[in-house]
1. Name the helices (runs of 4 or more DSSP H) wholly inside region 23-93 in which the number of residues that are open to solvent by 40 Å² or more (accessible area, probe 1.4 Å), modelled with pLDDT under 95 and of a type in the set (Asp, Glu) is 3 or more.
2. Right, Glu81: touching a residue at least 40 places away in the same chain (Cβ under 8 Å), among the acidic types (Asp, Glu) and out of contact with any strand residue (DSSP E or B) (no Cβ under 8 Å at 6 or more places or on another chain) or not?
Amino acid sequence: MQEKSEPEQDPPVVVPRKRPRQQRSRVLVASVREACLRILDDEGAALLTTNRIAEVAGVAIGSIYQYFPNKEAIVAAVYEEVVEAELRAMTAV
């Protein structure tokens, strides 16, 4: 008897949809990243949602989705930013 296997799910998309070009867009994306990091630090990953990120960042949820397809892409952007900052700090020594 063969076991039924679950269909494979595609991994979540973790790349931004587009890059901010105007100053206000760059501020929005920075606010989203900061809000994500703040939620992870203060509330934990279990409470991280795009709606919560929008609330903490003070932006509309639709604005987030212009730049990020999902919360995983926001987390990936934050992670990349943190790693780059750590690398800069290490090479500055």
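The values are calculated or read from the model by the stated rules, or taken from the named source; none is laboratory data. Everything numeric here is computed off the predicted structure, so don't read it as measured data. Backbone-built Cβ (ideal geometry, glycine too); neighbour counts: all protein chains shown. Heads up: the accessible areas ignore ligands, DNA and RNA and are worked out on the full protein's heavy atoms, side chains in. Shrake-Rupley method; radii C 1.70, N 1.55, O 1.52, S 1.80 Å.
1. Details: elements: 23-42, 50-57, 61-67, 71-92.
Filter on region 23-93 gives 71-92.
2. Details: touching a residue at least 40 places away in the same chain (Cβ under 8 Å): yes; among the acidic types (Asp, Glu): yes; out of contact with any strand residue (DSSP E or B) (no Cβ under 8 Å at 6 or more places or on another chain): yes.
Yes; evaluated as a whole, the condition is true for this residue.
Yes/no matrix, rows are residues, columns are (1) in contact with a helix residue (DSSP H, G or I) (Cβ under 9 Å, 6 or more places away or on another chain); (2) without any contact (Cβ under 8 Å) to a residue 40 or more places away in the chain; (3) among the β-branched types (Val, Ile, Thr):
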{"residue": "Arg38", "(1), (2), (3)": "yes, yes, no"}
{"residue": "Ala46", "(1), (2), (3)": "no, yes, no"}
{"residue": "Ser63", "(1), (2), (3)": "yes, yes, no"}
{"residue": "Tyr67", "(1), (2), (3)": "yes, no, no"}
